[in-house]
1. Return the only residue of Ser125, Ser106, Ser89 being closer than 17 Å to Val68 by Cα and out of contact with any strand residue (DSSP E or B) (no Cβ under 8 Å at 6 or more places or on another chain).
2. Just a yes or no: is a residue in segment 132-143 more than 30 Å from Gln78 (Cα to Cα) and within 16 Å of the ligand (Cβ to nearest atom)?
3. When you go through Leu248, Leu277 one by one, which is the residue that is loosely packed, with under 11 Cβ neighbours inside 10 Å and either modelled with pLDDT of 90 or more or not assigned by TED's automatic domain parsing to the domain that holds Leu198 (or both)?
4. If we scan segment 153-162, do we find a residue that is within 16 Å of the ligand (Cβ to nearest atom), outside any loop (DSSP other than H, G, I, E, B) and among the aromatic types (Phe, Trp, Tyr)?
5. Please list, ordered by first then second residue, the pairs with beta carbon atoms under 7 Å, 6 or more apart or interchain, first in segment 145-163 and at positive phi and at pLDDT 95 or above, second more than 9 Å from the ligand (Cβ to nearest atom) and assigned to a helix (DSSP H, G or I).
6. For the subset of segment 193-233 comprising residues that are over 14 Å from Asp158 (Cβ atoms) and within 16 Å of the chain's Cα centre (by Cα), which member is nearest to the ligand (Cβ to nearest atom)?
7. What pairs come out if I take residues in segment 180-205 that are on the phi > 0 side of the Ramachandran plot and in a strand (DSSP E or B) and pair them with residues that are among the hydrophobic types (A, V, I, L, M, F, W, C) and within 11 Å of the ligand (Cβ to nearest atom) whose C-beta lies under 9 Å away, six or more apart or interchain?
8. Mind counting the residues in segment 111-169 that are among the basic types (Lys, Arg) and in the same structural domain as His189 (by TED's automatic domain parsing)?
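The values are calculated or read from the model by the stated rules, or taken from the named source; none is laboratory data. On a predicted model such as this, the values are computed, not experimentally measured, just so you know. Positions of Cβ are backbone-derived with ideal geometry, glycine not excepted, and every protein chain shown enters the neighbour counts.
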Amino acid sequence: MRSEEPLAGSSINSANNKSANHDEPVDSPAFTARPVAAEEIPDQAAPTTLSTAQDVPVERPLQVDTGVFDELTRQRAQEIIARYPQPRSALLPLLHLVQSVEGYVSQAGISFAAELLELTTAEVSTVATFYTMFKRRPAGEHLVSVCTNTLCAALGGDEIYAGLCKKLGVGHEETAGRPGSSGSITVEHAECLAACDLAPVLQVNYEFYDNQTPESAVALVEALQRGERPAPTRGAPLTDWRHTELQLAGFFGEPQELRDAVDGPSAAPETLAGNRLAEEKGWTAPAMPGNPPPLPAVADKK
Ligand code: FES
C-alpha cells in the first residue's frame, strides 16, 4: 500500500476486517423476507422522539464501541464537520472517512457518525444503505466496478463482468482474498459510469479503464493481484480503495502532484469530440435569455 496519506485507526491486518469467506458471518444484521403476522409482533411503546427533528434530543439505546476511530480520524471528522453550516450536512464525506478506516461502513462507523452529527443511528443507516458507494462489508485493496448498463453491456460489459467473476470466483460485491490485504479485489457491477463514449468501461477505485475487453480486464486484475498499479486510461494515478475513500472525504496529503492529478482534467478526446467540432464549425448554443422566464407554479407542473 502506498502512503500518500496516512490511513488512521486501521491496518491491513485489523481484526475489524472480515474474511472474504462468505460462509462467515459479517457485521450486517441478518434480514429475512418472511412475512410476519400482526399477532406475532409484540406490543411496543410508541416512539417518544421524532428522529428527524433537529432540536429534539435523540435516543441511542445501543452502545457500540467506536474505539477503532483514533485521534487522527476524529480530528479529520471535525475538519469535515467544520466545512458545513449544519453538522448533519457532513454525513456523506464522514461516511467516506469511515470507509477509509475500516474499508466499509460498520456498525461502529454508523455510531461514530451519528454521535458526531447528532443524528440517530437509523438516520445514518438509511443514508449508508441508500448509496452504493457505501459498502456493507469490508472491501478489498481494490474495488473493481464493471459497467453493465445498456451501452457497455451491448459492447461486451456483460462478458467482462462474467469473466472477472469467473476468474476471481466471486459475485457482486464479493471479495477475492482477505479484505484489505494486498491483492484482494472486490468486484461489483455498476450502473452507467458516465463514459458511454468509451464503452465498455470499468473502474478501479473509481479511476477509469476505457475500451476494455474480457481479456484486458482479466490482465488488469491479474496485475492488481501481483501488487501492481497499472495506470488508468485518464485521470489521477491509481491508489487503493481506502486511500481513495480518504480522498473522497477531502484529504489528499502529499505529494502535491497527487492532489493536482485528482483535481486535473480527465475528459477523454472522444468525450470532447462534439465540442471540438462545434469550435471548428463556429457553432454556438443559443444564448440564455437575459430575463429567464418565471418558474411555473407548483400546480402547473403536474
Ligand atoms: S453504459 Fe457504461 S458508461 Fe454508460
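1. None of the others qualify; the one that does is Ser106.
2. We begin by selecting, within segment 132-143, every residue more than 30 Å from Gln78 (Cα to Cα); these are none.
The answer is no; no qualifying residue exists.
3. Leu277
4. Taking every residue of segment 153-162 in turn, at least one turns out to be within 16 Å of the ligand (Cβ to nearest atom), outside any loop (DSSP other than H, G, I, E, B) and among the aromatic types (Phe, Trp, Tyr).
5. Between residues of segment 145-163 that are at positive phi and at pLDDT 95 or above and residues that are more than 9 Å from the ligand (Cβ to nearest atom) and assigned to a helix (DSSP H, G or I), the close pairs are Gly156/Pro214.
6. Leu193
7. Correct list of pairs: empty, since none qualify.
8. Initial filter on segment 111-169 (among the basic types (Lys, Arg)): 135-137, 166-167.
Remaining after also requiring in the same structural domain as His189 (by TED's automatic domain parsing): 166-167.
Result for segment 111-169: 2.
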